[in-house]
Each structure stands twice: as C-alpha cells, then as structure tokens.
1. Using alpha carbon coordinates only, what is the Rg to Rh ratio of the stretch 282-364, with Rh defined as the Kirkwood radius?
2. For the chain, place one equal point scatterer on every Cα, skip the solvent, and apply the Debye formula. What is log10 of I(q)/I(0) at q = 0.07, 0.09 Å⁻¹?
3. Mind pulling up the Rg/Rh value for the stretch 155-232? Radius of gyration and Kirkwood radius, both on Cα.
4. Scan around residue 207 for amide H atoms under 5 Å from its own, H built in the peptide plane at 1.01 Å from N, and keep only partners 5 or more places away or cross-chain.
5. Using only the Cα atoms of the stretch 97-230, each taken as one equal point scatterer with no solvent, compute I(q) by the Debye sum, divide by I(0), and report log10 of the ratio at q = 0.11, 0.18, 0.19, 0.20 Å⁻¹.
6. Please list 212, 238, 83 in order of solvent-accessible area, largest first, computed with a 1.4 Å probe with all protein chains present.
7. Might you work out the accessible area of residue 206 for me, using a 1.4 Å probe with all protein chains in place, and round it to the nearest 10 Å²?
8. Would you be so kind as to identify which of 63, 114, 142 lies farthest towards the positive end of the dipole of the stretch 45-157, taking Lys and Arg as +1 and Asp and Glu as -1 on Cβ and the Cα centre as origin?
Amino acid sequence: MTTKTKIFKDWFPDFFIGAKTGVLLSASNAAVSAAVVFLGFLIATILLLIIGRNPLGMYQAIFQVVSGFDSRRGTWNARYVGEWFVLSMPLILCGLSMGFSARSGLFNIGAEGQYITGLTAAQIIALSFPRIQILHMAFAVLGAMAAGAAWGGIAGFFKARYRVSEVVTTIMMNYIALYVHRLFTLRIPGSNTFRTPDFSDTASLSSSVLSELTNNSRLNNGLWFTLAAVLIYWLIMEKSTFGYSLRAAGLNKDAALYAGIRVKTNITIAMTISGAFAGLAGAVVALGVFSHGRVLASFEGYGFDGIAVALGGNCTAIGITVMGLLFGMLKSAQPLMQSRQIPREIVSIIMGLVVVFISLRPGIQMFTQWRLKIKAQKRNE
C-alpha cells in the first residue's frame, strides 16, 4: 500500500469500509429516519389529545390522501393521490438540490432562490418562445435548469475562489432572486401585480393521460422529470467517479487535495448542479401546475422545506424521495385535516419535529459508537 493510499484510507474510512458494515450503517441511518418520523407523529398525537381534538381525524386525512378513499363517506377519489404527487415533486427536487451540495461538503440554503430563478426563466420562455410543439416545453425546462444552475454556480464560485460562506451567500441570494423575479415578470406585456397572460399549450407540462388517471388532478409530466432527476442524482453520487470525488471532498477537503482531487472546481460544479435541480422544481411548478405565470409576493417555501427533506432522507436518492413524498402527503392532507377539526399547524409541527430529531442523529451515532467501543474493549479483556 502506497503512502498516499494509506493516508487516504486513514482520512476516508467510509470509502474502505466492508460491504457488511456499509449495509449496517445504511440500515442504521434508515432506522434513525424512521424513528424520528414516528416520534414526530407520536408527539403530534399527544398534542392533539391535550387540546381536546381526536387524532383519528389526522390519520383519516392522511389515509385519504395516500389511498384516495374517504372513510367517512365510503367513497374513492384518485384525485387526492394525484394532488399528493403534485405537491411532492418540487419538494423532492429541492431536496435533491440540498442533498447534492451536502454530500459535497456544502450547505445550500439557496434552493428557494434557485427555485424562483428557474420559475422565472420558465415563465419568460413560455411566454416569449415560438410555439413549436415539444421544443417550446423543452426549452422552457432547460432554461429553468440553466437559470437555477447559474444562480447556484455564483455562490459556488465565491466559495471556491474567495472562501465566502455559501450559507451567507445563498441566504442573501434568495432575496435577490425574489425581487429580480418581480422586476422581470412585471415587465412582461399584459402582466399585473398578480399574474401574467396565459401560457401557450406548447409550453405546458400538463398531461391529459395522468390527469384522467387521477380523476382530473393537476398531476403532470413533471412527474417524469422528477423521476429522471432522482435517477441522475443516484447515478452521479453512487455510481460515478465524479460523484466519488465530490463525496471525498465533502468528507475531508485536505485529504482530497492531497489525493489530486480538484476541490475548488468541484465546489463550483456541485453548487451549479444543485441549483439545476432547484431550477427544475421551478419549471415543474410553473409549467405543470399553473396555466399562467405568477408574480410571487413572497417565498413559497419549497427550497426551505427541501432542506428538511434532504436531512431527513440522509441525502440519498431513495431517502430524499421517501421524505419528499412524506412531506408532500402532510401538506396535501392539511385541508382534509381542517375539515376534521384538526389545526392546520399540526403539519408544520410534525415537519419541524422531524428536523429537530434528525439534528440529534450525530449524538445518537456518537453514543452508539461509544457503546460499541466499550463492548469491544470488554471482549478484548
């Protein structure tokens, strides 16, 4: 074993861990995520009992969203399932945005701004590009991804070149993105303070097939873009040399530099790709859910919720998808909960509790490692 390999092995134990141990670690992380979700629902149930509300109403609403079956009326409507997926798609994409940067050792709080930038680009292209079937929609989606990528790449460049904290940069760029969005959108002919003119059908992501399957829900072709994004994320992070170098730099930048990995370049690229995922989320919402452009008055929260989705999903493709579906389910169930006398704030409480408990994971892991070390010492004695 060469000196460099030995040092790399010492500084990156996760890359040289045995297959059995690796499976155990993955299972442990998944178990922690499942446990925190359970605790979130448990505490929410207790809170509902304290304020005198029946927790069964919350679970009935969730069941109705997931299955489409209304247990109170005995009816079935697939529209609830379709709307669940509609709300989950941008959460998954923004979760991928946060997760990609996190696996690279960066903390991207700017997915909200990158989402807005992508949404803005998609709306402008949808209203100005020639109405050519397929091409119109493709350019709008690619334009949104390019805008989000550029917005994320700016933060990555300042981090790589001048060591400016990406946390501060991305937070500030969220506000810049919001007001730049308003500036450009309000200049579109025919726009008012709330909306733009209607999009052409050639730019829309709407799908008559998916809508009919889910009883006229807003489920659209953004579903396929979301699935493709999850697959691409998995391929890059788990199956490519480039993803390996990103994860290596995320674990230890000094060791990565010693091993010949171009850390500064990777930082910029990672933030660029991260922004592209969030930009795609903007396109999916703008072109798939609405028939016209919108003038946003405030943040919509998809980017911020994406942080919780990524952390709860361990920043893995499957984990982010599952957590995105979970959070989308909760958001979709809010109106149904209210109809059952359940406060809508209970959804925010559950999501907040998941984030709080997830943040305790390092402490849980430290305690577990300490216990394993004690057991190993006793066996050696």
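1. Reported Rg/Rh (Cα atoms, Kirkwood Rh): 1.02.
2. -0.35, -0.58
3. For the stretch 155-232, the value is 1.14.
4. Excluding prolines and chain starts, which carry no amide H, the hits are 221.
5. Taking Cα atoms of the stretch 97-230 as identical point scatterers yields -0.48, -1.07, -1.13, -1.19.
6. Working: 212 140, 238 70, 83 25 Å².
These residues rank, largest area first, as 212, 238, 83.
7. Ignoring ligands and nucleic acids, residue 206 comes out at about 70 Å².
8. Of the options given, the answer is 63.
The values are calculated or read from the model by the stated rules, or taken from the named source; none is laboratory data. None of these values were measured; they are calculated from a predicted model. As a convention, Cβ positions derive from the backbone with ideal geometry for all residues, glycine included, and neighbour counts pool all protein chains shown. We work out accessible area using only protein heavy atoms, side chains counted, and drop any ligands, DNA or RNA first. Shrake-Rupley method; radii C 1.70, N 1.55, O 1.52, S 1.80 Å.
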